[in-house]
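Below: the structure, in structure tokens.
The values are calculated or read from the model by the stated rules, or taken from the named source; none is laboratory data. All of these numbers come straight from a predicted model, not from anything done at the bench. Neighbour counts run over all protein chains shown; Cβ positions are idealised from the backbone, glycine included.
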Amino acid sequence: MFVLLGMNLAVLVFASAATLTTFALDNGLMRTPPMGWLAWERYRCDIDCEHDPKNCISENLFIDMADRLFEDGWKELGYVYVNIDDCWSLKTRDKQGRLQPDPKRFPGGIRKLSRYMHDRGLKLGIYGDMGNYTCMGYPGTPLDKIAVDAQTFADWEVDMFKFDGCYSNATDQEQGYPLMSKALNATGRPIGYSCSWPAYQGGLPPKVNYTQLGQLCNLWRNYGDIQDSWDSVLSIIDWVFENQDVLTPAAGPGRWNDPDMLIVGNFGLSKDQSRTQMALWAIMAAPLFMSTDLRVISGEARSILQNKMIIGINQDVLGFQGRRILKEKSGIEVFWRPLSNNASALVFFSRRTDMPYRYKTSLSKLNYTADSYKVTDVFTGKTDILKDSTDFVVSVNPTGVVMWYISAAGKLRFHHLSRDGKLHGPAYAAKENAIPPVFL
Ligand code: GLA
């Protein structure tokens, strides 16, 4: 009926733990996946401030987004980075050979923005490209400019740097990505380092060396750019989980696979598809960079992006990237991520396009063996105690998910058992087994 794709749980956890202890970029940053806002997917290279001053790539846009993060509860949930992408600079360097922001669109310079962020407990990210030009044709950072550009970003007090790879070749990249890592470290300023290198090399070994990447970068794009469509989200999900044996060991505290931005809040996804993106980005331990207009975001999209349990799962301190453990003929797929405190997350995803599908299984069929568990549906908040052997049914909407946070069930409290031996009152010790505070 179904095929178990996962390895034995114990083997898997052991294997991941072994790789976790080995290598990570030694800048102490991003021990959990970074969270914030990134301009590209929603705003692209819109520099037409004359006609659309509210939505063009300019100081005002980043200030507006910072205000929203600060005032609308995003910051407290961990969304702290405000990241500039392509098209921020002038087409020429200054007399000293440094990159310079377009003074019309960034009149206060990048330093004004970093100050603005820091005053509010936020962080600023910026973008560059390892080749002669950025993808949109702005000045790149070829090998001989790496040191000066790293220093410029540090002088501007930037906190994160995305290094793209357009207009560079494999040989340049082999030198440039490590050189930039060293150059950023040499500035003495902690700057999170996002590398697009693997995405330009097909994302897989032998061309991509994930051990090396983990030593150089805090996160890296492995695959193509996300677009505002379900097709795009699904193609990323499929690629990541088809290659999970290569990708999951690469991730861990300080080093993350980046399946690209969250497009929740935009135009291309239904409510169910938005939940699917959020749920599976949490399973993947993915960086959570929203790319949407936070000034006008709907309540529905906001509640998905601000779901505390999903964020807690995404940010779990163990930093294990989850896996697809089942692919059913019915079109249901099951994903699993081990979490700290003997907890875990499960996602039931439906590829179907007909109607909600009633999927029947049991925890023991999904590799759970510890008798009974407390299960919380992260979207409805409903909880239940489930024995591993008990069959249950979840109803999964087309292109949607059901997501569970699973922790050990409490021991029976004997004072709740009356003399007749039947249960009276709660069957588990709620406090002992409470969901970690981050979820409350
Ligand atoms: C590439 C990157 C995108 C974005 C654009 C900017 O396509 O993958 O994320 O940065 O360049 O031009």
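Contact map, segment 221-247: first residue within 16 Å of the ligand (Cβ to nearest atom), second residue of a type in the set (D, E, K, R) and in a helix (DSSP H, G or I), Cβ cut-off under 9 Å, separation 6 or more or different chains; pairs are Asp225/Glu41; Ile226/Glu41; Gln227/Glu41; Asp228/Glu41; Asp228/Arg42.
Please indicate, with yes or no, whether at least one residue in segment 136-148 is surrounded by fewer than 20 Cβ atoms within 10 Å (Cβ to Cβ), within 16 Å of the ligand (Cβ to nearest atom) and among the aliphatic types (A, V, I, L, M). Scanning segment 136-148, I find at least one residue that is surrounded by fewer than 20 Cβ atoms within 10 Å (Cβ to Cβ), within 16 Å of the ligand (Cβ to nearest atom) and among the aliphatic types (A, V, I, L, M), so the answer is yes. Of the strands (runs of 3 or more DSSP E) entirely within segment 312-407, those holding at least 2 residues that are over 30 Å from Met30 (Cβ atoms) occupy 323-327, 357-362, 372-377, 383-387, 391-396.
I want to confirm something. Restricting to segment 30-57 and keeping residues that are more than 16 Å from the ligand (Cβ to nearest atom) and within 15 Å of Pro287 (Cα to Cα), which single residue is surrounded by the fewest Cβ atoms within 10 Å (Cβ to Cβ)? Filtering first and then ranking leaves Arg31.
Across segment 13-56, the qualifying residues are those that are outside any loop (DSSP other than H, G, I, E, B) and at pLDDT below 95, and the one among them that is nearest to Arg189 (Cα to Cα) is Leu20. Taken residue by residue, segment 123-131 has no member that is aromatic (Phe, Trp, Tyr) and not in a strand (DSSP E or B). Among the residues of segment 288-302, are any basic (Lys, Arg) and closer than 28 Å to Phe161 by Cα? Within segment 288-302, one or more residues are basic (Lys, Arg) and closer than 28 Å to Phe161 by Cα.
Among residues of segment 186-201 that are in the same structural domain as Asn222 (by TED's automatic domain parsing), those with a beta-carbon under 7 Å from a residue that is assigned to a helix (DSSP H, G or I) and of a type in the set (Phe, Trp, Tyr) at least six positions away or on a different chain give the pairs Ile191/Phe153; Cys195/Tyr177; Trp197/Tyr177.
Scan segment 268-301 for residues that are in a loop (DSSP other than H, G, I, E, B) and among the basic types (Lys, Arg) and the total you get is 1. Does Tyr133 satisfy the condition of being within 16 Å of the ligand (Cβ to nearest atom), in the same structural domain as Pro33 (by TED's automatic domain parsing) and at positive phi? Against the criterion (within 16 Å of the ligand (Cβ to nearest atom), in the same structural domain as Pro33 (by TED's automatic domain parsing) and at positive phi), Tyr133 does not qualify.
When the residues of segment 155-178 are narrowed to those that are surrounded by fewer than 19 Cβ atoms within 10 Å (Cβ to Cβ) and under 22 Å from Leu29 (Cα atoms), which ends up nearest to the ligand (Cβ to nearest atom)? Only one residue fits best here, namely Pro178.
Please enumerate the residues belonging to segment 50-106 that are of a type in the set (Phe, Trp, Tyr) and over 26 Å from Met130 (Cβ atoms). The answer is Phe70, Trp74, Tyr79.
Taken as a whole, the structure places Tyr368 among residues that are surrounded by fewer than 21 Cβ atoms within 10 Å (Cβ to Cβ) and either farther than 22 Å from Val240 by Cα or modelled with pLDDT of 95 or more (or both).
Being surrounded by 15 or more Cβ atoms within 10 Å (Cβ to Cβ), of a type in the set (Ser, Thr, Tyr) and free of Cβ contacts under 8 Å to residues at least 60 places away in the same chain is the filter here, so list the residues in segment 80-113 that pass it. Across segment 80-113, the qualifying residue is only Ser89.
Once segment 209-220 is narrowed to residues that are surrounded by 20 or more Cβ atoms within 10 Å (Cβ to Cβ), without any contact (Cβ under 8 Å) to a residue 60 or more places away in the chain and not hydroxyl-bearing (Ser, Thr, Tyr), the residue that is nearest to the ligand (Cβ to nearest atom) is Trp220.
When segment 83-133 is filtered for residues that are within 25 Å of the chain's Cα centre (by Cα) and of a type in the set (A, V, I, L, M, F, W, C), the ones remaining, listed by number, are Ile84, Cys87, Trp88, Leu113, Met117, Leu122, Leu124, Ile126, Met130. The set of residues in segment 87-96 that are away from the ligand (no atom under 16 Å from the Cβ) and farther than 10 Å from Pro139 by Cβ comprises Asp94, Lys95, Gln96.
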